[in-house]
Each structure stands twice: as structure tokens, then as C-alpha cells.
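Every number in this text was worked out from the coordinates using simple rules, so none of it is lab data. None of these values were measured; they are calculated from a predicted model. When we count neighbours, we look across all protein chains shown, and the Cβ atoms used for this are built from the backbone with ideal geometry, even at glycine.
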Amino acid sequence: MAVERTLCIIKPDAVEKKKAGAILQMLEAAGFTIVACKRTHLTRPVAEGFYAVHKARPFFGELVEFMTRSPVFVAVLERDNAVAKYREVMGATDPAKADANTIRKLHGASVGENAVHGSDSLDNARIEIGYFFPASEVAPVA
Ligand code: ADP
Ligand code: MG
């Protein structure tokens, strides 16, 4: 299985609850290498750009308000089959529907405030990683 990278955002709700460390620990335990990680407070244009695909959705305004409320951690995760594996570890969008022991089941509060973001495809993972990290910060080890 190919080694992949995917983008993780630990959202404001989880950072406010001091769960960033617990979530990163779960990811390491699930076999991911955290190849880059930073704490940042998303501005409105950055959040709107990141979620541009959802612009027409009724929850877009709420989503941008939430994501800009307080700082997030943005991380690049690496392992074999990382995109699908991280979606599995993350759990369903709605924490109430997420499998037991997933990040969203354990740390999410609602369908909006669901603790983490994860890329949904390898193509989007590449775009999302590039949105937050210059190539020099995520270069493979020589
Ligand atoms: P996922 O994050 O699981 O890939 P989506 O891409 O469908 O889910 O949605 C992006 C984010 O928008 C969700 O993680 C959540 O924060 C928010 N969201 C999705 N659906 C709703 C909803 N019905 N009401 C409020 N917020 C939502
Ligand atoms: Mg999505």
C-alpha cells in the first residue's frame, strides 16, 4: 500500500478543550507520522478559501464563524493509505453517528463542532497541504 499524506485540522472546539495533545497521541498510536504541525488562528479569508467547496451550503456562514473563533492546529499526517485510514480514525461527520473510539465520537460535540478536519481524497490532500504549508516545510527527508 502506498505511503500517502493527508491534512488534519484540530478545530477550535477541540483546541479550546485542550484536546489537541490527546488527538495527536491517537494519531501517532494509529500509525501516523506527524510530518508538520503548527498552531494558527484562521482569518476569515483563509477559512472561506479553505472551505470554498461548501460556499453554497446553508451551514457555510456558521462553519466559517466556528473555524475562525479561536486557534486551530494544522498538521500533515503520513502513513500507508493515509487518506482513507485517517477518515476511518476520524469518524463520521456527525459525532453521534461516528463509530466508537473514533476522534469525533470521543471529542466532537455536534455535526458542526466535530473536533477535526480530514482530507477526503488524495488530490484534495495535496491541495489542502499546499494551502497551509510551503513545500520546504513538508519536503520528504532526503
Ligand atoms: P467532513 O468534515 O466529514 O469531510 P463535510 O466536508 O461534509 O464533512 O463538511 C465540512 C464541515 O462542515 C464539517 O466537518 C462540519 O464542521 C461542517 N458541517 C457539515 N455539515 C454540517 C451541518 N449539517 N451543519 C453544520 N455544520 C456542518
Ligand atoms: Mg469534507
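Total residues in segment 9-59 satisfying the condition of being within 15 Å of ligand 2 (Cβ to nearest atom) and touching a Leu at 6+ places or on another chain (Cβ under 7 Å): the figure is 2. Scanning segment 107-123 for residues that are over 19 Å from Phe66 (Cα atoms) and either without any contact (Cβ under 8 Å) to a residue 24 or more places away in the chain or part of a loop (DSSP other than H, G, I, E, B) (or both) gives Asp120, Ser121, Asp123. Screening segment 84-131 for residues that are of a type in the set (Lys, Arg) and in contact with a helix residue (DSSP H, G or I) (Cβ under 6 Å, 6 or more places away or on another chain) and picking the one that is nearest to ligand 1 (Cβ to nearest atom) gives Arg104. Of the residues making up segment 65-88, one or more are touching a residue at least 24 places away in the same chain (Cβ under 8 Å), hydrophobic (A, V, I, L, M, F, W, C), in contact with a Lys or Arg (Cβ under 8 Å, 6 or more places away or on another chain) and over 23 Å from Glu137 (Cβ atoms).
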